[in-house]
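The values are calculated or read from the model by the stated rules, or taken from the named source; none is laboratory data. Model, not experiment: these values are computed from the prediction. Just the protein is used for accessible areas: all its heavy atoms, side chains included, with ligands, DNA and RNA removed. Shrake-Rupley method; radii C 1.70, N 1.55, O 1.52, S 1.80 Å.
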Amino acid sequence: MIASRSLTVAAVVALAVASAAAHDFTIGKLSIAHPWTRQTAPGQANGGGFMVISNGGKRADRLISARSPAAAKVEIHTMSMDGGIMRMRPVPAGLPVPAGGKLELKPGGYHIMLIGLKAPLKRGALVPLTLRFEHAGSKTVQLKVEAVTYGTGAGDAHKHH
């Protein structure tokens, strides 16, 4: 009995650790893989949110907005280079999540912009972010705050994105 209970507790702990490490969320046919952001310096006003949203369904969807209690405002943005100058622009119509496809929000491309951060984002913390989709509805995910170099290939803890 004791051995059986220990095995059950160990299995539950292993499942919890695996779930936390996977850091994925689902809503309907959409799956949201490892949403993350980078740590910020004191006084830094803005931050970015990144993730991969996959659509396992036969119907396209659209990410239309996001919100977070960690920021005064949240926008969907695109980033481009113009004459060596980085330009970020809002995408007010949102972004498509194609049926059977995916939407990648990543540094240097489409991303979530956290504007007017209420406090610095500290490495290891989780930042709530509610994503709103045209068809699937709303889902609150947790942006994991990673090192400032995360996503650049330098010092990434894992490469499954």
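Surface analysis of region 36-161 yields an accessible area of 53 Å² per residue, using protein heavy atoms and a 1.4 Å probe.
Here region 37-93 has 55 percent of its accessible surface on carbon and sulfur atoms, given a 1.4 Å probe and all protein chains in place. Among the listed pairs Lys73/Lys106; Lys29/Lys73; Lys58/Lys144; Lys118/Lys144; Lys106/Lys139, those whose Cα-Cα separation exceeds 24 Å are Lys29/Lys73; Lys58/Lys144. Among Tyr150, Tyr110, the sequence by solvent-accessible area, most first, with a 1.4 Å probe is Tyr110, Tyr150. To the nearest 10, the accessible area of Arg87 is 80 Å² with a 1.4 Å probe. With the whole protein complex present, Ile115 retains an accessible surface near 50 Å², based on a 1.4 Å probe.
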